[in-house]
Amino acid sequence: MPDQLIFAMEVTLNGLMAGVLYALVALGFVLIYKASGIFNYAQGVMALFAAMTLVGIMQGQVPFSHLINAVFGGHVTHFGWTVPSVLAILLTVGVMVVLAWLVQVLVMKHLVGQEPIILFMATIGLAYFLEGVADLMWGSEIKTLDVGLPQGINLWIDESTFNLFGYGFFIDNLDIVATGIAALLVTGLVLFSQYTKQGRAMRAVADDHQAALSVGISLNFIWVLVWSVAGFVALVAGIMWGTKSGVQFSLSLIALKALPVLMLGGFTSIPGAIVGGLIIGVGEKLFEFLVGPMVGGATENWFAYVLALLFLVFRPQGLFGEKIIERV
Amino acid sequence: MLDAAESYVTADGRTIGGVVMEMKNITLRFGGVVAIKDISFDIREGEIRAIIGPNGAGKSSMLNVISGFYVPQEGEVWFRGEKRPPMRPYEVARHGIARTFQNIALFDGMSVLDNVMTGRLNYMKSNMFQQAFWKGRAEKEEVENREVVERIIDFLEIQAIRKTPVARLPYGLKKRVELARALAAEPKLLLLDEPMAGMNVEEKEDMSRFILDVNDEFGTTIALIEHDMGVVMDLSDRVVVMDYGKKIGDGTPDEVRNNQDVIDAYLGVAHD
């Protein structure tokens with residue numbers, strides 16, 4: 001087999017893995033959008049906040065330590081204990097639920113029945129606020145996150161491809177784990193939203209507030225639930241990205257990468273988010289590999305956005321989105 | 001005047017029971033506007049009770065008070081022998097009061113069947129995991145709930161569109177799906193907000209027939225608001241007439257028809 005083709009295969013595989021990570025972030029958006037009609041701009045920051053909280057809890061960091069030291073003049077930074085990762089993840093889930101409840105009580109509750117654009121603006125505000133809180137709470141230095149997920153080259157794939165092609169593929173173990181976790185998450189979410197009472201209620205609330213109330217659904221409860229689930233998805237995405245590239249503030253920018261994914265897949269489709277993520281992942285890696293050398297590289301920075309732009313022009317509802325038909 | 005607890009049999013052989021819901025001296029204000037002024041009336045078990053009146057009379061406000069969407073500033077709401085504390089609309093729904101809306105409120109993204117199934121949400125007691133994996137109580141529950149729903153779907157003759165997303169349905173059918181969803185909750189009291197608004201004659205006749213049949217077959221107590229006088233007079237056992245937020249008549253259709261205040265309100269007389 002020619003070298004070029006083998007390289008292309010490896011690049012495609014790596015692209016698929018990267019795509020899964022994009023899809024994970026996009027999923028958070030789709031979920032909130034389907035369940036509440038809100039485009040949650042804060043999803044990326046929520047992933048950052050979740051990852052920082054997780055690291056903070058694991059390392060026994062004192063929350064708001066800078067603030068406390070500045071006001072009271074102490075030098076506390078750490079409690080001096082470390083928390084095992086499983087327990088820390090559970091605690092972080094708890095924190096995300098509390099956050100969901102706060103978002104509902106302080107922000108969303110007061111905006112019932114408002115235009116979607118108003119709710120969208122509120123989430124932009126939330127994003128900046130949350131970023132500030134994350135900084136104040138856990139500090140702004142880059143941290144490593146290790147919850148015990150396997151990392152590094154997968155030797156089995158390396159060996160077997162070497163025997164097959166005479167060239168070993170480099171596939172990161174973390175990416176394989178991420179794929180598995182994403183599959184689990186999606187299955188769970190689909191089961192939840194399609195078959196459970198709470199899932200049905202969630203879809204009902206997304207469609208019509210008044211009608212939902214009239215069949216006995218509490219809007220408050222459902223919204224806290226929606227934001228909790230979004231927080232949970234953000235945590236999963238935060239763990240994956242944080243393990244891969246460290247917990248740092250640029251993590252909130254992965255939300256930007258999710259936008260083209262959503263435009264491709266459609267804002268209302270869970271399978272769309274996954275397929276969209278995979279297409280962007282493979283597309284940008286292959287494009288960089290094939291076209292990159294001709295134009296001086298760095299195509300990964302813009303490829304996804306140009307692809308999204310093309311979609312906006314020719315198929316604005318995305319691949320799987322619902323076609324919008326207005327009755328006149 | 002009838003005794004509150006006494007039951008009687010109507011001319012067409014239906015038994016009307018004691019008082020289910022009683023509104024006592026309800027006053028509702030929006031800022032300086034008085035939408036409902038000191039109105040009292042009751043609804044008996046098994047009857048079809050109409051609230052009529054010209055535009056802006058406060059009929060929909062009254063319905064919203066009953067279903068908890070508005071909380072009146074004064075007055076008491078008695079439901080099934082108990083004074084009702086101020087409640088959220090979803091709590092009212094859980095206490096057995098279902099409703100439809102003047103401007104249809106359906107879940108557009110769902111099929112007809114799913115829409116009607118949402119009416120059964122409060123009958124599901126199994127937990128999230130049982131439901132997600134279709135195990136234990138969840139399976140039995142779902143089957144039972146589906147039976148109730150299918151019976152209602154048959155009854156309202158919407159079998160053919162069971163799987164259709166409601167957004168695609170014509171107006172008349174949407175109204176019927178909304179009725180089905182309200183019925184699925186097996187309500188103690190069913191509120192219909194202008195069930196015939198915007199319908200043609202044929203659709204109105206269908207809807208009237210369904211309302212009568214529902215009342216007859218399930219014994220459902222129904223309170224409805226309607227503009228169309230002819231329809232109201234044919235359907236209802238007793239009628240409350242409102243004008244400018246006040247009650248100007250209450251009684252059987254015949255009594256109301258001959259009430260001078262009601263005639264004035266409808267034909268138009270200068271208010272002094």
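The values are calculated or read from the model by the stated rules, or taken from the named source; none is laboratory data. Being a predicted model, the structure only gives us computed values, none of them experimental. Note that we place each Cβ from the backbone using ideal geometry, even for glycine, and neighbour counts take in every protein chain shown.
Which of the residues that make up segment A:206-245 are over 26 Å from residue A:95 (Cβ atoms) and either in a helix (DSSP H, G or I) or of a type in the set (S, T, N, Q) (or both)?
Once the filter is applied, which keeps residues that are over 26 Å from residue A:95 (Cβ atoms) and either in a helix (DSSP H, G or I) or of a type in the set (S, T, N, Q) (or both), segment A:206-245 yields A:207, A:209, A:210, A:211, A:212, A:213, A:214.
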Count - residues of segment A:157-177 that are in a helix (DSSP H, G or I) and either surrounded by fewer than 14 Cβ atoms within 10 Å (Cβ to Cβ) or in contact with a strand residue (DSSP E or B) (Cβ under 9 Å, 6 or more places away or on another chain) (or both):
6
Scan segment A:201-219 and tell me whether some residue there is more than 9 Å from every other protein chain (Cβ to nearest Cβ) and of a type in the set (S, T, N, Q).
no
All-but-one check, residue B:222 against (1) farther than 18 Å from residue B:99 by Cβ; (2) in contact (Cβ under 8 Å) with a residue 24 or more places away in the chain, failing number (1)
Any residue in segment B:82-94 that is without any contact (Cβ under 8 Å) to a residue 24 or more places away in the chain sitting within a Cβ distance under 7 Å of a residue that is of a type in the set (Val, Ile, Thr) and not in a strand (DSSP E or B)? List the pairs, counting only those 6 or more apart or interchain.
B:86/B:71; B:90/A:217
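Conditions tested, residue by residue: (1) touching a helix residue (DSSP H, G or I) at 6+ places or on another chain (Cβ under 9 Å); (2) under 23 Å from residue B:190 (Cα atoms); (3) modelled with pLDDT under 90; (4) more than 14 Å from chain A (Cβ to nearest Cβ).
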| residue | (1), (2), (3), (4) |
| --- | --- |
| B:100 | yes, yes, no, no |
| B:104 | yes, yes, yes, no |
| B:111 | yes, yes, no, no |
| B:114 | yes, yes, no, no |
| B:131 | yes, no, yes, no |
| B:140 | no, no, yes, yes |
| B:154 | no, yes, no, yes |
| B:172 | yes, yes, yes, yes |
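Given the condition within 30 Å of residue A:156 (Cα to Cα), at pLDDT 85 or above and either in a helix (DSSP H, G or I) or more than 10 Å from chain B (Cβ to nearest Cβ) (or both), answer yes or no: does some residue in segment A:186-200 qualify?
Within segment A:186-200, one or more residues are within 30 Å of residue A:156 (Cα to Cα), at pLDDT 85 or above and either in a helix (DSSP H, G or I) or more than 10 Å from chain B (Cβ to nearest Cβ) (or both).
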Please verify whether residue A:9 is surrounded by fewer than 24 Cβ atoms within 10 Å (Cβ to Cβ) and either more than 11 Å from the chain's Cα centre (by Cα) or part of a helix (DSSP H, G or I) (or both), treating the condition exactly as stated.
yes
Could you give me the residue pairs with C-beta distances under 6 Å whose first residue belongs to segment B:60-80 and is in the same structural domain as residue B:194 (by TED's automatic domain parsing), whose second residue is charged (D, E, K, R) wherever it lies, and which are 6+ apart or on separate chains?
B:63/B:193; B:67/B:99; B:73/B:29; B:75/B:24; B:76/B:24; B:76/B:83; B:77/B:84; B:78/B:22
Expected single match for touching a strand residue (DSSP E or B) at 6+ places or on another chain (Cβ under 8 Å) and either more than 14 Å from chain B (Cβ to nearest Cβ) or surrounded by 16 or more Cβ atoms within 10 Å (Cβ to Cβ) (or both) among A:148, A:152 is A:152
Quick check on this structure: which one of A:283, A:276, A:265, A:318 is at pLDDT below 85, surrounded by 15 or more Cβ atoms within 10 Å (Cβ to Cβ) and not hydroxyl-bearing (Ser, Thr, Tyr)?
A:318
Going through B:164, B:118 one at a time, which residue ends up being within 10 Å of chain A (Cβ to nearest Cβ) and at pLDDT 90 or above?
B:118
